[in-house]
Amino acid sequence: MKILFTPNCRKIIEGLTWVTNHLENCTQHTALKALFYADKFHIQKYGRPVTGDKYIKMPCGPVGIIAYNIMKGSHLIYNDILDIAANAFYLENKTDEIFPNREACEEWFSGTDLECLKASLDKCKKSKLSSPKKEFSREYFWLKTMMHKEIDYELIIDQNLPNRKSLIKYMQDTSRFQVV
């Protein structure tokens, strides 16, 4: 059974805002990568993602499609969501940098969400100079997902995680009913 979470657009906006407030010279790519790692770390530790975004394998790395469309102001996103995002941050298209307009509303996050967001920043800072090909080449999800296709949440979980099978079973049983 496929693992499906419902993306939480407000948590995605607040996550992007939180990341831009905590990373200097934050680019669109770095912000998207930080949200991916926050979701991955939270899944592996607590059985659910922070944002519930759907990730696509792209040449630059995994991209949360909802986060990407919110940042770009896509017509695929409801206008009220885009208005909230415009008040939270802005994307400088010439430099690809994303800047906060305000502090993130941390009330949208649990303590464990914030723990994994902080861990994702550490990961992004360490891997800032590496290419996506080098950074993700040994990741299971990267090897098993075709380019431009959705990454299955099951594949995001590290192969060597001791409780991997039970975690996958838990997510298969509960993901459709969880509020992220």
Next item on the list: Select from Ala104, Leu82, Gly61 the residue farthest towards the positive end of the dipole of the range 36-143; place +1 on Cβ of Lys and Arg, -1 on Cβ of Asp and Glu, and compute about the Cα centre.
Entry: Gly61
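Checking the a/c ratio against 1.5 first, then a/b against b/c, what shape does the Cα gyration tensor give for the range 97-180?
On the way: a/c = 1.85, a/b = 1.11, b/c = 1.66.
It is oblate, given that a/c is not under 1.5 and a/b is not larger than b/c.
For Glu150, what is the net charge nearby, where nearby means another residue's Cβ is under 9 Å from its Cβ and Lys, Arg count +1, Asp, Glu -1?
Local charge sum for Glu150: +2.
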Check: Do you know the Lys pair count in the range 1-114 for C-alpha distances under 27 Å, with sequence separation 8 or more or different chains?
Finding: 28
Margin query: Only Cα pairs within less than 10 Å get springs; with that Gaussian network setup on the chain, which residue of Thr20, Thr95, Thr145 has the largest fluctuation?
Written below: Thr95
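With +1 on each Lys and Arg Cβ and -1 on each Asp and Glu Cβ, and nothing else charged, work out how big the dipole of the chain is about its Cα centre, in Debye to the nearest 20. The partial results should precede the final answer.
On the way: 26 positive and 22 negative charges, 171 e Å.
That gives a dipole near 820 debye.
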Margin query: Restricting to DSSP loop positions (anything but H, G, I, E, B) with no more than 15 other Cβ atoms inside 10 Å of their own Cβ, which trypsin sites (Lys or Arg not before Pro) remain in the range 1-109?
Written below: Lys2, Lys94, Arg102
Check: What residue among Gly52, Gly111, Gly61 has the largest mean-square fluctuation in a Gaussian network model of the chain, using Cα springs under 10 Å?
Finding: Gly111
Next item on the list: Work out the FRET efficiency for Lys144 and Ser110 from their Cβ-Cβ distance, taking R0 = 22 Å, and round it to the nearest 0.05.
Entry: 0.15
Item checked: Qualifying GluC sites (Glu not before Pro) for the range 75-180 [loop in DSSP, other Cβ within 10 Å: at most 11] -> Glu103
Margin query: With +1 on the Cβ of every Lys and Arg and -1 on the Cβ of every Asp and Glu, and nothing else charged, how large is the dipole of the range 25-107 about its Cα centre, in debye rounded to the nearest 20?
Written below: 460
Item checked: Positive-end extreme of charge dipole, the chain - chosen from Phe136, Leu23, Ser175 (charges on Cβ) -> Phe136
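Rounded to the nearest 500 deg cm²/dmol, what is the calculated helix-only ellipticity per residue at 222 nm for the chain, with -39500 (n - 2.57) per DSSP H run of length n ≥ 4?
-15000 deg cm²/dmol
No value in this document is a laboratory result; all are computed from the given coordinates. In this text, all values refer to a predicted model and were calculated from it rather than measured experimentally. In this analysis, Cβ positions are derived from the backbone assuming ideal geometry, glycine residues included, and neighbour counts consider all displayed protein chains.
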